[in-house]
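The values are calculated or read from the model by the stated rules, or taken from the named source; none is laboratory data. Since this is a predicted model, take the numbers as computed values, not measurements. Glycine gets a Cβ as well: all are built from the backbone with ideal geometry, and neighbour counts include every protein chain shown. Quick note on the areas: whole protein, heavy atoms, side chains included, nothing else; ligands and nucleic acids left out. Shrake-Rupley method; radii C 1.70, N 1.55, O 1.52, S 1.80 Å.
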Amino acid sequence: MPKPARQAVALAPAMDLPDLPAMIDKLDYFLALARARHFGKAAEELGIAQPTLSAGIKQLEDSLGVMLVKRGSRFQGLTPEGEQVLVWARRIVSDASAMKDEMRAARHGLSGRLRIAAIPTALAMVPALTTPFREKHPGVTFTVLSRTSVEVLSMLGNFDIDAGITYLDNEPLGRVVSVPLYSERYQLITAAGNPLSDRVQVTWKEVAELPLCLLTPDMQNRRIIDQHLAAANVSTRPTLESNSMIVLYAHIRTGKWSSIMPLNLAETLGLIEPVRAIPIVEPDASHVVGLVAAQREPRTPLVAALLDEAMALAGAFAASR
């Protein structure tokens, strides 16, 4: 009878693993290389010499007993084993960082950097979350990135961010913990004097007839808009597309373009004459936007505090409506 696989593995020679801090350092090198896909750029990101990076990757390969990087005159990608190690490396380095953060918080209170990625339509709402958070925890700094909803979830899964702000109810989210913040309601944003600018409300069918500037199709907001137009049995071909809400707003201000934006964004941008925000009905659609974080226990102190702040903000938004 053949021996069970478990016994076979136990009989294999033990790997000469380095001590934990050294292993984590080498895994950091490997993660930087996987992100940059270039030895020189990865070394620059880490603030080390390229030979130091190359030696660290080689030491990691020797320790694990597998090749992680396809060798050549330049970076040619990860081996299949490298792709497997990449998943573990992200988890191990993230957990080690979380442990350090928790011990530091126990001694000195919350500090460190929170990395947040938000969909473009939610960017103007981020200060409502970060400002009160920093007032409570002045030792915390922030990095805020503009990303598509797909990128937000991917970055969460890869431990590249601590939290995201995205739609909660339109496309699958996967394994995340979420806090609903507010509902987007859609407005026609147009200059005074343009067609429909004197209306109290307009329909999706009417909006489709205007020259529109909209977000690019890779943005979930654009997919939502296209869904509502299709439900009204109309479609539109925008005369301008951009992944920046500021670009869209700048074109609206010329008086020659119109767009569709959430009411929350229009209010936060402080729309003033000659620009008007007109509710779009038939249907009067809304979609929930909220904070998402990876489903993991224990949570880092920073993420746990951010989720608490998000719940307080959600309550404030609900009370103001």
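What to note about this one:
- A single entry from Q7, Q59 fulfils the requirement of being open to solvent by 80 Å² or more (accessible area, probe 1.4 Å), farther than 22 Å from D160 by Cβ and at pLDDT 85 or above: Q59.
- Set side by side, the residues P180, P217, P195 differ, and just one is open to solvent by 70 Å² or more (accessible area, probe 1.4 Å), on the phi < 0 side of the Ramachandran plot and part of a strand (DSSP E or B), which is P180.
- Scanning segment 134-177 for residues that are hydroxyl-bearing (S, T, Y), part of a helix (DSSP H, G or I) and touching a residue at least 24 places away in the same chain (Cβ under 8 Å) yields a single hit, S149.
- Among the residues of segment 82-115, those that are over 17 Å from A304 (Cα atoms), open to solvent by 80 Å² or more (accessible area, probe 1.4 Å) and at pLDDT 85 or above comprise E83, Q84, W88.
- Residues of segment 116-133 that are out of contact with any Lys or Arg (no Cβ under 6 Å at 6 or more places or on another chain), assigned to a strand (DSSP E or B) and either over 17 Å from R222 (Cα atoms) or at pLDDT below 90 (or both): I116 alone.
- Unmet criterion (only one of (1) open to solvent by 60 Å² or more (accessible area, probe 1.4 Å); (2) closer than 20 Å to T203 by Cα; (3) touching a residue at least 60 places away in the same chain (Cβ under 8 Å)) for T239: (3)
- Failed item, numbered, when A318 is tested on (1) modelled with pLDDT of 85 or more; (2) under 29 Å from V202 (Cα atoms); (3) of a type in the set (G, A, S); (4) open to solvent by 50 Å² or more (accessible area, probe 1.4 Å): (1)
- Identity of the residue in segment 277-308, surrounded by 19 or more Cβ atoms within 10 Å (Cβ to Cβ) and part of a helix (DSSP H, G or I), that ends up modelled with the highest pLDDT: L306
- When segment 238-276 is filtered for residues that are at pLDDT 90 or above and basic (K, R), nothing remains.
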